[in-house]
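Structure first, commentary second.
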Amino acid sequence: MDKTAMCCARSRAKVEINTHGGRVTGMHKSLPVVYAIPPACGPVWPCNEVYQKSNGVCSVQRTSSIGGCTVIWS
């Protein structure tokens with residue numbers, strides 16, 4: 001993915017998140033990944049749950065795909 005397409009995907013995701021009441025907290029500098037806080041009413045987009053185990057502690061990371069960009073919810 002070239003830089004222009006990546007910036008467009010991030011912009012579309014940021015607009016969608018902000019429009020529905022969420023908040024963007026950061027972006028990955030070389031991948032089409034956006035970090036965000038979901039809207040107060042709950043996630044509007046379908047979420048995938050990724051289970052992680054680090055040092056014996058299990059955690060769940062929720063991700064969505066919005067406009068070709070991966071969104072990692074905090």
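Residues in the range 32-43 that are surrounded by 11 or more Cβ atoms within 10 Å (Cβ to Cβ) and touching a Gly at 6+ places or on another chain (Cβ under 8 Å) were compared, and the one that is farthest from Cys7 (Cα to Cα) is Pro39. Report every pair of residues separated by at least 6 positions or lying on different chains whose Cβ atoms are under 6 Å apart, first residue within the range 47-70 and in contact (Cβ under 8 Å) with a residue 24 or more places away in the chain, second assigned to a strand (DSSP E or B) and small (Gly, Ala, Ser). That search, which allows pairs on different chains as well, returns Cys47/Ser64. Criterion applied to Lys14, Lys53, Lys29 was being open to solvent by 60 Å² or more (accessible area, probe 1.4 Å), part of a strand (DSSP E or B) and basic (Lys, Arg), and the one residue passing it is Lys53.
The numbered conditions (1) closer than 18 Å to Ser74 by Cα; (2) in contact (Cβ under 8 Å) with a residue 60 or more places away in the chain are all true for Ala9 except (1).
Residues in the range 56-74 that are of a type in the set (A, V, I, L, M) and surrounded by fewer than 16 Cβ atoms within 10 Å (Cβ to Cβ) were compared, and the one that is farthest from the chain's Cα centre (by Cα) is Val57.
Within the range 44-74, the set of residues being of a type in the set (Phe, Trp, Tyr) and within 28 Å of Asp2 (Cα to Cα) comprises Trp45, Trp73.
The values are calculated or read from the model by the stated rules, or taken from the named source; none is laboratory data. It should be emphasised that the depicted structure is a prediction, and the values quoted were computed from it without experimental measurement. Please note: Cβ atoms are built from the backbone with ideal geometry, for glycine as well, and neighbour counts cover all protein chains shown. The accessibility values were calculated without ligands, DNA or RNA, using every heavy atom of the protein model including side chains. Shrake-Rupley method; radii C 1.70, N 1.55, O 1.52, S 1.80 Å.
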